[in-house]
Each structure stands twice: as C-alpha cells, then as structure tokens.
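This report refers to the structure that appears directly beneath it.
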Amino acid sequence: MAIGEICSRQVVFIGRNESVADAARLMREHHIGSLVVADKNDGRLRPAGMITDRDVTVGVVALGLDAEKTPVEAAMRAELACVLETEGVGRALDLMRAHGIRQLPVVDASGALVGLVAADDLLQLFGEEMSALAAVVERGARRESEDRRAATEQIR
C-alpha cells in the first residue's frame, strides 16, 4: 500500500522565520505535538524541518530564551527525512526507525509537501490488518469444524 493512501493530507505547518511562540500556539490550537516547518516555493510547500513540543521546551524554554523572539529555525530539527507518497508502508517504517521519529512528511515527486504520516496511523492500519487476519483464522477453524461435522453425519 502506498503511504499516500493513508497519510493525513491536512498538515499543520509553520514557516522557519515565525516565532517559536507561534509554533507553540499552533500546536496547542490543533492539539498536536509537532509541526512541519515549510518554505513556500513556486506556490508549493517544501518541507524544511520539524519542530516538536520537546524542541520548544528543551531547546528554548529550558534555556531561558524568549519564545516570542526566537525563530522556529533556531529550534527546529533541520535533519529531515521525507517519504514519497508512492512509496510503501515498509519504507516509511524504515525511515521512522532509522531517524528515531514518529512523524514523517510525505512529499510528491517534486518534493512538495502533500501529507504527514504518523506512527499512530501505521499502528491503526496494522491493527485493522491483524483483526482481519484473525477473522480469517477464526472463520477457517469454524468452517473446518462444520465441514467435519457434516461429513461425520453423512457417514452415519
């Protein structure tokens, strides 16, 4: 399954020159723990980094910096992993594991931001798949039992 099929297409983002306080307000308003930091090029958003609530707390507040005056760029994680919307779930998991992250920007072939996939999205997908597999096993066992019962009755 392509990651573009399951990612969230509604991404909350912030510009690198906006304040960390603005980032914190966006996180609070949307009840999320991270934002994609994006640049606008040719009318399209291009991921430039990520900023998390932990980056705000540990990288700004704990250091006594003024969140209103500190730009997002100073606190964001510039090392950015992205996954192409056409790539599979396995590739997204590999990137999350390799980079120790729980959210991954999803981009199109031109590198423009099209979505965000979170570990929670993948857990939900895998949970649904496991439930479907469990139903197959249960149905198979029930069918075998019914078939054996019917065969035994025919023999008698």
Next on the checklist: Suppose only helical runs count, i.e. DSSP H with n ≥ 4. What mean residue ellipticity at 222 nm does that imply for the chain under -39500 (n - 2.57) per run, divided by all residues and rounded to the nearest 500 deg cm²/dmol?
Outcome noted: -13500 deg cm²/dmol
Checklist entry - Which listed residue (PRO71, GLY15, LEU26) has the Cα farthest towards the positive end of the charge dipole for segment 3-118, taking +1 on Lys and Arg C-beta and -1 on Asp and Glu C-beta about the Cα centre? => result LEU26
Next on the checklist: Using only the Cα atoms of segment 20-87, what are the Rg and Dmax in Å?
Outcome noted: 12.9, 43
Checklist entry - Residue separation times 0.36 nm, minus the C-alpha to C-alpha distance between ALA109 and LYS40: what's the value? => result 23.2 nm
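Fully extended, how many nm does the chain gain between GLU29 and ASP53 (0.36 nm per residue separation, minus their Cα-Cα distance)?
Details: separation 24, 0.36 × 24 = 8.64 nm, distance 1.27 nm.
Stretched out fully, the GLU29 to ASP53 stretch lengthens by 7.4 nm.
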Checklist entry - Of SER8, SER110, SER34, SER19, how do they rank once you tally other Cβ atoms within 10 Å and put the fewest first? => result SER110, SER8, SER19, SER34
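Within segment 29-89, which GluC sites (Glu not before Pro) sit in a loop by DSSP and count at most 14 neighbouring Cβ atoms inside 10 Å? Show your work: numbers first, answer last.
Values: sites: GLU29, GLU68, GLU73, GLU79, GLU85, GLU87; in loops: GLU68, GLU79, GLU85, GLU87.
Sites meeting the loop and neighbour criteria: GLU68, GLU79.
Any read-out appearing in this document is the output of simple, stated calculations on the displayed coordinates, not a laboratory observation. Model, not experiment: these values are computed from the prediction. Ideal geometry is used to build each Cβ from the backbone, glycine not excepted, and the neighbour counts take in all protein chains shown.
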